[in-house]
Each structure stands twice: as structure tokens, then as C-alpha cells.
1. Tell me which residues, restricted to the range 132-146, are closer than 19 Å to Leu174 by Cβ, of a type outside the set (Val, Ile, Thr) and surrounded by fewer than 18 Cβ atoms within 10 Å (Cβ to Cβ).
2. So is Ser39 polar (S, T, N, Q) and touching a Phe, Trp or Tyr at 6+ places or on another chain (Cβ under 7 Å) or not?
3. Report yes if Leu40 is more than 25 Å from Cys133 (Cα to Cα), surrounded by 11 or more Cβ atoms within 10 Å (Cβ to Cβ) and either in contact (Cβ under 8 Å) with a residue 40 or more places away in the chain or touching an Asp or Glu at 6+ places or on another chain (Cβ under 7 Å) (or both), otherwise no.
4. Check off (1) at pLDDT 85 or above; (2) within 18 Å of the chain's Cα centre (by Cα) for Lys152 and give me the number that stays unchecked.
5. Quick test for you: out of Lys71, Lys19, Lys8, Lys84, pick the one residue that is within 27 Å of Met161 (Cα to Cα) and of a type outside the set (A, V, I, L, M, F, W, C).
6. Test Phe24 against the criterion of being among the aromatic types (Phe, Trp, Tyr), closer than 30 Å to His197 by Cβ and either touching a Gly at 6+ places or on another chain (Cβ under 7 Å) or outside any loop (DSSP other than H, G, I, E, B) (or both), and give yes or no.
7. Check whether at least one residue in the range 79-99 is at pLDDT 90 or above, surrounded by fewer than 17 Cβ atoms within 10 Å (Cβ to Cβ) and either part of a loop (DSSP other than H, G, I, E, B) or touching a Gly at 6+ places or on another chain (Cβ under 7 Å) (or both), and report yes or no.
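The values are calculated or read from the model by the stated rules, or taken from the named source; none is laboratory data. Computed from a prediction, not measured in an experiment: that's the story for all the values here. Here the Cβ positions follow ideal geometry from the backbone for every residue, glycine too, while neighbour counts run over all protein chains shown.
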Amino acid sequence: INILSGNKLLEFDYFLRFKFKSEFYDILEVLYRIEALYSLAKAIRVHNLVFPEFSEKKEFVINDCWNPLIKNCTKNSFYFGEGKNLIVLTGPNMSGKSTFLRTIGMILCLSHAGMAVPCSSAVLPFFDSIEVCISIQDSLTEGYSHFYAELKKVRSVAENMREGKKCFMIFDELFKGTNLTDAAKCAAVLANGIIQHPDSYCILSSHHTGLISSDHSLEGKQQFSCIETLIRDGFPVFTYKFSPGISDVFLGYYFLQNEGIDKLFFSVPTEP
């Protein structure tokens, strides 16, 4: 192997940096693109990802989706029923609602970026705007409370739909920063607004099943789904399956008792 002398290396470096600078950067750009495409291709092969089909018809079906960040993830098929563009998703604590929503949000974002997605097949509309609101934070610097930050997100979506944009939205436990009476009124405004725009789709999750189900103006216009949880011998069994209907399982107090918190408050401390 012929090793270049120090002077030759400096000469070659000068040639690349100055005389061949533009061409050298073009070569680097090509190499960067090749590396990026190779990484995408490897991820598609390793994780068995598939490219979705975008349809101009009002079809929204994702079959056997999973989250590649979770080992032994339960696969789910997800769909909007015919003529429906609003899903109200229910389920108890720790049932997997937020994880499921993150998976759907990830699939929508990846598919619109031109990437393959973790499912066996998918037929989707093409959206102008995707809004995933799972962990909305307050803002001390701007003086926004958690509830007001939620309202800002909803307003942004409403403005987009008013402009005729096709929007996809995920709202996890929206309006939990206010009382149930106001939350029900706010949720009804959001739900009624969404169904007026059939080209836009929304998943709205909530622990409070009565927020939407009690609004008779929405009867038959929304789709109720849940992440199924079973009770066997007094213990919860998490299936992590997306299922039709409204969940009637409540586990908040169960987990409080399971942690022994109720006994801690009323037990007498023992002498050391």
C-alpha cells in the first residue's frame, strides 16, 4: 500500500476543499441519500413493513397494525365504519388506549412521509393536516393552562377544516383539565363540528363514556370503540384488542387499592 506523504495529503485536501469543492459536495449529497435510502430499506425488511394505499374514496382501514417499539406487541385491525368519521375510544386505565393511539398516529405520519408502515395492509385517505394531541403541556412562559393549551389545538384544527383542508386528528383524554359539565359541552361542540366535515377524521379517547354518548344530536353519527379489558375472578385481563362498543370496566379505584394506598392513610404506624 502506497501511503501518501504529508505534503501530498495537504495538496489533495486543498484540491477537494477548493478546486473540486462544488463537485465534492455533490458526491457527498449522493452518498447521504444512498445511506438514508439504505437505512429505510433495511428498516422495511427487518420490521416487515408495507406501503399503504392512498384512496380517493372514503376508505380508512388498517389491518394487523403493531408498534415496532414494543416487543410481542398485540396486532390490531382498525377502521372507520361506513359513513363515520368520528371514533370515541374508551377503556380503563392501563388498557393500552394511549399506546394504540400513538401507533395509529405513527402510521399516519410515516405513510404521509412516503414511508412503509407496521401493518399487513392499509387503505387511507390523503390528509392535508395531521394533528396528534396525546401529551399536551401547559406553558408557563406564555401563560397557558393545560385546558387553554387544549383549546388552542382544537382551534387550530377548526381553522384548518374551515379552510377546506382534509384533517386527521387524535385527541387523548381531551378537556380533562376542566369539570365534567364543561367537558361534556366542549366535547359536544368538537364532535358536532367534526361530523360536519366528512373528509376529516378524528379519534377522541375518554374515560368519561357519558361525554359523547349522552348527546342525542350525535346518535348514529359517531362510532364507539374500546380497547377491550376483561374481568376474571376479580382481576383485570388486558387483551389490548381494538373492539366495537363502549367499555364498562373501571379500574382506577382497583389500582389504588392494589397499591395499598387506602390502607396507608388509615393504618397506625408501628413503633421502630
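1. Once the filter is applied, which keeps residues that are closer than 19 Å to Leu174 by Cβ, of a type outside the set (Val, Ile, Thr) and surrounded by fewer than 18 Cβ atoms within 10 Å (Cβ to Cβ), the range 132-146 yields Ser135, Gln137, Asp138, Ser139, Tyr144, Ser145, His146.
2. So Ser39 does not fit the description; no.
3. yes
4. (2)
5. Lys84
6. So Phe24 does not fit the description; no.
7. No, that holds for no residue.
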